[in-house]
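Here's the structure, in structure tokens; my notes come after.
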Amino acid sequence: MNSITLAPFQPAPQEARSPVVWIISRQEDLAWFIGSALAGYYAIALMWLGFPLLLIQVVWLFAIDGPHVLATITRTYFDRAERKKLGWLLWMIVPLLMVGPVMSMAGQAPLFFLLAFCWQQVHVVKQHVGFAMIYKSKNRERDAFDRTLDRYFLLASLVVPLGLFLLATHRQLDAFASPIRTGALTAYGVLGLLWLARQIQKLRSGAVMNWPKVALLAVTIPLQWLALGFATRFGPSGILQAAIPLGLFHGLQYHRLMWFHNRNRYTVPGALERNGLAARLVGSVGIYLAVAIGLNFVLGFYIPQILLPYQVIQASLWGISFTHYFLDARIWHVRNDRELAVALRMA
């Protein structure tokens, strides 16, 4: 077997090296984009110790997760310029709201909730990859080999434990479980060793390390494995035990990034005329949170409770989350949106 040879790395001259660059600041990033993973670890510890799951779920849904989903409205439906840019895509909420109720009334509720959970996890994975790529861009980490290795190692680190959870909790997959599990773990082990060897090579060569990116991976990857491993104990219903810790981390990251974006984008001269209502909601973080929490209560709880029976409520509420996933995949492309790049201090 041929040995794996790492691409040569040429460290930048000392005088050309730049200091570490953060998205907001060292303190803010460590607290919100990296340190907020502690909320996920704490939630797992509480569940493991037997703390009432319902109380944790209520805090997650009404204080973090639901408001983070509805916060997307502040820079899409409430933004006059974004409404023109997104056009008909904003109407996708209508069919997405109908998917869950239709599948539930057709007797496919378990399948629907499983698919919803998988889309949620894909959405979370994409956010983590996005943060890693922002740190790479801000710290001018341009090496093509590193870019590919970082992306695929992080993707594998987040997707493989999800796949193992599905294999372990769904008996209909038993026929494929053993070969898939063996192949996935073997490939992931090789990829992980390659990534680790690359970091050691860079350290020994004196290269400037992208510590914000490394710190992000150091808290994100173990949380993914721990949350999904813990959730496996509960079978298919463990979806909730996995979604809570992973969603807490994701939601806290998202709230801070959204507020950072909104403050930078909607407080510049001419923002009120160009962006409309969105520019009126950035007076303080209290206004932002009040809008997000209020929208979550009205659209995610009060109206569905009035109109729909319980199981259909649960299914229909996912339509709001689906809209969030769908729009988020289109509004955070820095390369194609200079105004976004400016708002994130990347231009």
Do the conditions hold for Gln224, that is, is it at pLDDT 95 or above and under 26 Å from Gln241 (Cα atoms)?
-> yes
Filter result for Leu248 (touching a Gly at 6+ places or on another chain (Cβ under 9 Å), part of a helix (DSSP H, G or I) and not polar (S, T, N, Q)) | yes
Do we have any residue at all in segment 104-111 that's under 22 Å from Ala177 (Cβ atoms), without any contact (Cβ under 8 Å) to a residue 12 or more places away in the chain and not polar (S, T, N, Q)?
-> yes
Could you list all residues from segment 322-347 that are part of a helix (DSSP H, G or I) and small (Gly, Ala, Ser)?
-> Ala329, Ala341, Ala343
Flagged in segment 67-92 as on the phi > 0 side of the Ramachandran plot and not in a helix (DSSP H, G or I), in numbering order, are none
Just for segment 174-195: of the residues that are surrounded by 12 or more Cβ atoms within 10 Å (Cβ to Cβ) and farther than 15 Å from Tyr152 by Cα, which one is modelled with the lowest pLDDT?
-> Ala177
Verdict on Val219 being surrounded by 14 or more Cβ atoms within 10 Å (Cβ to Cβ), in a helix (DSSP H, G or I), out of contact with any Leu (no Cβ under 7 Å at 6 or more places or on another chain) and at pLDDT 95 or above = yes
What is the residue count in segment 24-38 for residues that are in a loop (DSSP other than H, G, I, E, B), over 16 Å from the mean Cα position of the chain (by Cα) and surrounded by 14 or more Cβ atoms within 10 Å (Cβ to Cβ)?
-> 1
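Here is a yes/no grid of residues against (1) hydroxyl-bearing (Ser, Thr, Tyr); (2) surrounded by 17 or more Cβ atoms within 10 Å (Cβ to Cβ); (3) over 30 Å from Gly238 (Cα atoms):
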| position | (1), (2), (3) |
| --- | --- |
| Leu115 | no, no, no |
| Phe131 | no, yes, no |
| Ile134 | no, yes, yes |
| Asp146 | no, yes, yes |
| Leu155 | no, no, no |
| Leu166 | no, yes, no |
| Gln172 | no, no, no |
| Ala197 | no, no, yes |
| Ser205 | yes, no, yes |
Can you name the residue in segment 58-82 that is polar (S, T, N, Q) and under 15 Å from Asn296 (Cα atoms) and is also surrounded by the fewest Cβ atoms within 10 Å (Cβ to Cβ) among such residues?
-> Thr72
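The values are calculated or read from the model by the stated rules, or taken from the named source; none is laboratory data. Worth saying up front: this structure is predicted, and the values here are computed from it rather than measured. Methodologically, a virtual Cβ is constructed for each residue, glycine included, from the backbone with ideal geometry; neighbour enumeration extends over all protein chains shown.
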